[in-house]
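Peer 1: Here's a structure for you.
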Amino acid sequence: MFLKKVYTLVFLRNETQILLGLKKRGFGVNKWNGFGGKVEQNETIIDAAIRELKEECCVVVNKCDLKNIGHLEFTFEGDSLLMDVRVFSASNYQGVPVETEEMAPKWYGYDEVPFDNMWPDDRIWFPYMVKNKLFFGKFHYKGFDTILNYELQELKSM
Ligand code: 6OG
């Protein structure tokens, strides 16, 4: 039996670039990733996505501009936690991303994404996001560097 916790993960994107943040503390420290975190009790997933993006890089996004593009499940050998991560993309937002205590933001061209300094799963599902395909993936890790097995599929709808 797994203890499931829901998380958000938001990527700001335009035609040529994607915004990543270097995580400065906590889970995934020193890795580049999208912006997000745990959905709190009595909070909708969308509201959590908006809150975390604002907290982590001071950008405001409207509900209607957040597209749910993917769903990822992560489990770790010997751990009962199942991280249920809802992935969003937005191209309309207000403000300029700035560094916070949690994240240092940086725009990357799609051909210069720093996969060597990201979660290993990203290399596998990013191509779906870049090609605007909806996706569902499950990744089982040993430690934080090794994927023991995974499944990934394109979805027709979320
Ligand atoms: P906080 O603990 O900072 O939320 N996250 C992952 N993202 C990717 N790309 N791969 C993983 O592989 C991940 N595991 C967790 C979800 C953690 C943030 O990190 C994401 C959240 O946005 C294992 O509150």
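Peer 1: Tell me which residues, restricted to region 19-57, are more than 8 Å from the ligand (Cβ to nearest atom) and under 16 Å from residue 96 (Cβ atoms).
Peer 2: Within region 19-57, 19, 20, 21, 53, 54, 55, 56, 57 qualify.
Peer 1: Return a yes/no flag: does region 134-153 have any residue that is crowded, with 16+ Cβ neighbours inside 10 Å and among the basic types (Lys, Arg).
Peer 2: Among the residues of region 134-153, at least one is crowded, with 16+ Cβ neighbours inside 10 Å and among the basic types (Lys, Arg), which makes the answer yes.
Residue by residue, here is whether (1) within 25 Å of residue 149 (Cβ to Cβ); (2) over 15 Å from the mean Cα position of the chain (by Cα) holds:
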residue: 25; (1), (2): no, yes
residue: 39; (1), (2): no, no
residue: 44; (1), (2): no, yes
residue: 58; (1), (2): no, yes
residue: 62; (1), (2): no, yes
residue: 75; (1), (2): yes, yes
residue: 78; (1), (2): yes, yes
residue: 98; (1), (2): no, yes
residue: 101; (1), (2): no, yes
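Peer 1: Something else about it: I'd like to check something: does region 58-69 contain any residue that is near the ligand (Cβ under 10 Å from one of its atoms) and either outside any helix (DSSP H, G or I) or without any contact (Cβ under 8 Å) to a residue 60 or more places away in the chain (or both)? Break it down stepwise before answering.
Peer 2: Restricting attention to region 58-69, the residues satisfying the condition of being near the ligand (Cβ under 10 Å from one of its atoms) are none.
No, region 58-69 contains no residue that is near the ligand (Cβ under 10 Å from one of its atoms) and either outside any helix (DSSP H, G or I) or without any contact (Cβ under 8 Å) to a residue 60 or more places away in the chain (or both).
Peer 1: Could you tell me which numbered condition residue 4 fails, if it satisfies all but one of (1) within 19 Å of residue 89 (Cβ to Cβ); (2) part of a strand (DSSP E or B)?
Peer 2: Result: residue 4 passes all but (1).
Peer 1: Of the conditions (1) farther than 21 Å from residue 18 by Cα; (2) acidic (Asp, Glu); (3) in a loop (DSSP other than H, G, I, E, B), residue 99 fails just one. Which one is it?
Peer 2: (1)
Peer 1: Moving on to the next point. Quick one: in region 121-138, of everything that is more than 13 Å from the ligand (Cβ to nearest atom) and in a helix (DSSP H, G or I), which residue is nearest to residue 67 (Cα to Cα)? Show your work before the answer.
Peer 2: In the first step, residues of region 121-138 are kept if they are more than 13 Å from the ligand (Cβ to nearest atom); the result is 127, 130-134, 136.
Now restrict to residues that are in a helix (DSSP H, G or I): 127, 130.
Values: 127: 17, 130: 14 Å.
The residue in question is 130.
Peer 1: Okay, next question. Suppose we keep only residues that are over 12 Å from the mean Cα position of the chain (by Cα) and touching a residue at least 40 places away in the same chain (Cβ under 8 Å) within region 7-17. Which one would you say is surrounded by the most Cβ atoms within 10 Å (Cβ to Cβ)?
Peer 2: So, considering only residues that are over 12 Å from the mean Cα position of the chain (by Cα) and touching a residue at least 40 places away in the same chain (Cβ under 8 Å), the one surrounded by the most Cβ atoms within 10 Å (Cβ to Cβ) is 13.
Peer 1: Can you spot a residue in region 94-107 that is hydroxyl-bearing (Ser, Thr, Tyr) and under 26 Å from residue 139 (Cα atoms)?
Peer 2: no
Peer 1: Of the conditions (1) part of a strand (DSSP E or B); (2) small (Gly, Ala, Ser); (3) free of Cβ contacts under 8 Å to residues at least 12 places away in the same chain, residue 89 satisfies every one except a single condition; which number is it?
Peer 2: Residue 89 satisfies all of (1) part of a strand (DSSP E or B); (2) small (Gly, Ala, Ser); (3) free of Cβ contacts under 8 Å to residues at least 12 places away in the same chain except (3).
Peer 1: Hey, residue 145 hits all of (1) of a type outside the set (Val, Ile, Thr); (2) closer than 26 Å to residue 5 by Cβ; (3) touching a strand residue (DSSP E or B) at 6+ places or on another chain (Cβ under 8 Å) but one; which does it fall short on?
Peer 2: Single failed check for residue 145: (3).
Values quoted throughout were computed directly from the atomic coordinates according to the rules given, and no laboratory measurement underlies them. If you're wondering where the values come from, they're calculated on a predicted model, not measured in any experiment. Positions of Cβ are generated from backbone atoms using ideal geometry, with glycine treated the same way; all protein chains shown enter the neighbour counts.
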